[in-house]
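Below is one structure; the comments refer to it alone.
The values are calculated or read from the model by the stated rules, or taken from the named source; none is laboratory data. Predicted model, so just to flag it, every value in this text is computed and none were measured. Only protein heavy atoms, including side chains, enter the accessible area calculation; ligands, DNA and RNA are left aside. Shrake-Rupley method; radii C 1.70, N 1.55, O 1.52, S 1.80 Å.
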Amino acid sequence: MRIQYYLIALFIALGLVSCEKDSIQTADTNQVVVEAYLKAGDTISLNLTRQFVIDSDDSIYEPVNNADITLTCGEISRHMTFHSKGKYSLPLVVEAGKTYSISFTYNGKQVSAETTVPTAPEGFKASKDTIQAVVRDADVETTYYAGYSWNNPDEMYHYMTVECLESKLNPINTSYKTTTIRRLNPTKNTSYSLSDQSFTYYGLHRVILYKIPDEFAKLYEHYSTNAESLTSPPTNVTHGLGIFTSYSPDTLYLQVVK
């Protein structure tokens with residue numbers, strides 16, 4: 001799924017697969033790195049790698065192949081299928097509210113992790129479905145806002161992405177162009193407010209609200225503030241590194257007009 005690829009790419013960009021030199025020299029190459037983001041309603045995929053140090057100045061992540069990974073959910077226990085280059089999958093549809101765990105042996109140690117899939121965001125709504133955006137200059141005083149709110153009785157983390165869906169981009173300010181997707185930091189609050197200054201392009205935007213567990217939020221926050229460091233990265237993997245986590249999204253749409 002495209003959204004899942006965005007999530008994986010996010011943590012790659014934030015430094016999950018890059019090390020600063022001081023960390024490389026002390027890296028444990030016997031540690032396996034798990035990377036899995038389970039989305040409610042989708043089937044399961046997982047990546048396994050290990051850090052391979054070339055020299056004191058560089059390292060890569062090489063795939064861990066042919067691991068015998070068991071995925072368990074309640075009474076269900078199945079072996080994941082290996083494909084290639086450290087990629088594994090299982091045609092089991094992820095259900096919100098259930099706990100999933102993995103286990104396998106690597107270098108004589110039992111590696112394990114688990115996550116409880118959040119239910120869908122509750123009561124996600126927008127104050128409007130269209131917002132006006134104008135080029136900012138000294139004469140512009142009016143600011144336009146689109147408000148988003150939801151319920152959060154369990155005080156779980158949520159975060160939002162806003163993506164321009166237009167195939168032909170029409171920049172609001174031709175002197176300022178940037179990526180078509182924007183991510184807002186995880187919060188336990190129940191609202192976000194987007195001003196017209198939050199947008200770079202006119203046209204249709206997809207606004208996705210994700211409900212995420214604590215381990216997802218901690219990883220996001222760590223690499224948002226320590227993008228070049230793998231020193232003490234948060235992990236919920238026993239006898240390994242990385243992340244085995246989950247999320248549930250809800251989607252609204254917003255038109256940005258002149």
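The H on the amide N of Y61, modeled in the peptide plane, is under 5 Å from the matching H of F52, each at least 5 residues off or on a different chain. The phi-based Karplus calculation (6.51 cos²θ - 1.76 cosθ + 1.60; θ = phi - 60°) puts the 3J(HN,Hα) values of segment 97-107 at x, 9, 9, 10, 9, 10, 8, 6, 9, 9, 6 Hz, whole numbers, x for Gly and Pro. Here S112 sits with roughly 40 square angstrom of accessible surface, probe radius 1.4 Å.
To the nearest 10, the accessible area of C73 is 10 Å² with a 1.4 Å probe. Among Y157, Y220, Y253, the sequence by solvent-accessible area, most first, with a 1.4 Å probe is Y253, Y157, Y220. Couplings 3J(HN,Hα) of segment 245-258, computed from phi: 9, 7, 6, 9, x, 9, 10, 10, 10, 9, 8, 9, 10, 6 Hz, in residue order, whole Hz [Karplus 6.51 cos²θ - 1.76 cosθ + 1.60, θ = phi - 60°; x for Gly and Pro]. Averaging the Cα positions of each part gives two centres, and for segment 191-216 and segment 85-99 these lie 26 Å apart. Note on M160: accessible area is roughly 0 Å² with a 1.4 Å probe, heavy atoms of protein only. Put H222, H79 in order of accessible area, highest first, and with a 1.4 Å probe you get H79, H222. Proximity of backbone amide H atoms, modeled 1.01 Å from N, is registered between I44 and L90, L92 at under 5 Å, excluding neighbours fewer than 5 places apart on the same chain.
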